[in-house]
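The values are calculated or read from the model by the stated rules, or taken from the named source; none is laboratory data. If you're wondering where the values come from, they're calculated on a predicted model, not measured in any experiment. FYI the Cβ positions are ideal-geometry reconstructions off the backbone, even for glycines, and counts take in every protein chain you see. Calculation scope for accessible area: heavy atoms of the full protein, side chains included, ligands and nucleic acids excluded. Shrake-Rupley method; radii C 1.70, N 1.55, O 1.52, S 1.80 Å.
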Amino acid sequence: PLATTEGSLVASYNRGAKATRMAGGVTSVCLIEGVQRSPLFKFENIIEVGKFVFWALEQQTKFVELVKASSNFARLEDILTNIEGNEVILTFEYTTGDAAGQNMVTICTNKICKYILEESPVKPSSWFIESNYSGDKKATARSFSNVRGKKVTTEINIPREVVQDILKSTPELMVEYWKSSTLAVIQSGAIGAQGHVANGLAALFLSCGQDVACISEAATGITRMQLNDSGGLYCAVTLPNLIVGTVGGGTGLGTQKECLKMLGCYGTGTSKKFAEICGALAIAGELSIAAALSAGHFTQAHEEFGRKNEKK
């Protein structure tokens, strides 16, 4: 299920999905998961910061208990520190079950911060529940050294004849285009190196009750293409920031709930599967757009499917 106003998007992703199906299907794996909230605390000087950090790290067991008392799903896994002068950011690393978890970790972190304000031997002069360090709703340089949401990697080997018959290109042309486009995107300063992952993910997020603003981080990814030993095409897509859930939020809305059920991804125990489907969708779109651009029929597709043919 895809919700979009772009005429050629569904046709393009459908073509990529058909190619993956005829090649035997993709392998998509959720590697790791985690959601962060990063409050900031300000003190008079760095000496106070040091004393505060030493105390706070010793409270992890208490913080874990506070989280368990605040949520049935959230679990505090770790605490990281980032000191800059007289300010310190504490990054609380959570898992959130089958929920996307942004609201959940905000509530849990607020409980921890209230405890800190009451019990810390060194009182901060001011604090904020989110320092803007966690990466919430933005692509950041931490994307590939960390995980936000779920990190998924997806791969497929496509036989030469499927590339030719379905994608209307060749493995050599697609690999050559991928090399040049990756060099170009590096020069542009983009975080990650992929074609149009945001297209399919945004359409899937809308139809399945996800927080669409999280596309700004979820679409950070890496696409890789190479020739395989049989002369076909190997393609992999890695998405390290998939903020998705199958319970809570918009997943309970009528149409969105129906769409998740179509995928077998509604309710507890299904969020990893949904994230892996996100990876499969992304690779289908990357294959189709790379084929179109490498073989020179990208413009034609948009003229045919993306414009209204009105008589003048």
If you take the residues of segment 251-268 that are in contact with a Lys or Arg (Cβ under 9 Å, 6 or more places away or on another chain) and surrounded by 18 or more Cβ atoms within 10 Å (Cβ to Cβ), which of them is nearest to Asn103 (Cα to Cα)?
Thr251
Kindly check whether there is at least one residue in segment 225-241 that is within 15 Å of Asp98 (Cβ to Cβ), small (Gly, Ala, Ser) and open to solvent by 60 Å² or more (accessible area, probe 1.4 Å).
no
Does any residue in segment 31-55 that is touching a residue at least 24 places away in the same chain (Cβ under 8 Å) and within 17 Å of Glu93 (Cβ to Cβ) come within less than 6 Å, Cβ to Cβ, of a residue that is small (Gly, Ala, Ser) and in a loop (DSSP other than H, G, I, E, B) six or more places away or on a different chain, and which pairs are these?
Val35/Gly101; Gln36/Ser134; Arg37/Ser134; Ser38/Ser131; Ser38/Ser134; Leu40/Ser131
Any chance segment 124-144 includes a residue that's small (Gly, Ala, Ser), at positive phi and part of a loop (DSSP other than H, G, I, E, B)?
yes
Scanning segment 49-65 for residues that are in contact with a Phe, Trp or Tyr (Cβ under 8 Å, 6 or more places away or on another chain) and crowded, with 19+ Cβ neighbours inside 10 Å gives Val49, Phe52, Phe63
What pairs can you find where one residue is in segment 191-209 and at positive phi, the other is small (Gly, Ala, Ser) and open to solvent by 50 Å² or more (accessible area, probe 1.4 Å), and their Cβ atoms are less than 7 Å apart, with a gap of 6+ or different chains?
Gly209/Gly249
Per the filter on segment 145-170, residues of a type outside the set (D, E, K, R) and not in a strand (DSSP E or B) are Ser145, Asn146, Val147, Pro159, Val162, Val163, Gln164, Ile166, Leu167, Ser169, Thr170
Within segment 1-48, of all residues that are assigned to a strand (DSSP E or B) and polar (S, T, N, Q), the one least open to solvent (accessible area, probe 1.4 Å) is Gln36
Any idea which of Leu173, Leu183, Leu204 is open to solvent by less than 10 Å² (accessible area, probe 1.4 Å) and either part of a helix (DSSP H, G or I) or modelled with pLDDT of 95 or more (or both)?
Leu204
What are the residues in segment 101-123 that are assigned to a loop (DSSP other than H, G, I, E, B), open to solvent by 70 Å² or more (accessible area, probe 1.4 Å) and of a type outside the set (Lys, Arg), if any?
Pro121
Residue check, Lys151 within 15 Å of the chain's Cα centre (by Cα) and surrounded by 14 or more Cβ atoms within 10 Å (Cβ to Cβ)
yes
Take Ala74 and decide whether it is touching a Gly at 6+ places or on another chain (Cβ under 8 Å) and closer than 30 Å to Arg224 by Cα.
no
Is it the case that Gln194 is closer than 28 Å to Leu287 by Cβ, among the polar types (S, T, N, Q) and open to solvent by less than 70 Å² (accessible area, probe 1.4 Å)?
yes
Options Gly189, Gly245, Gly209: the member that is within 24 Å of Arg148 (Cα to Cα) and modelled with pLDDT under 95:
Gly189
Among the residues of segment 78-100, how many are closer than 10 Å to Val35 by Cβ and either touching a Cys at 6+ places or on another chain (Cβ under 7 Å) or crowded, with 21+ Cβ neighbours inside 10 Å (or both)?
5
List every residue pair whose Cβ atoms lie under 9 Å apart, where the two residues are 6 or more positions apart in sequence or sit on different chains, the first residue falls within segment 66-77 and is more than 15 Å from Gly34 (Cα to Cα), and the second residue, located anywhere, is surrounded by fewer than 18 Cβ atoms within 10 Å (Cβ to Cβ) and of a type in the set (A, V, I, L, M).
Ser70/Ile107; Ser71/Ile107
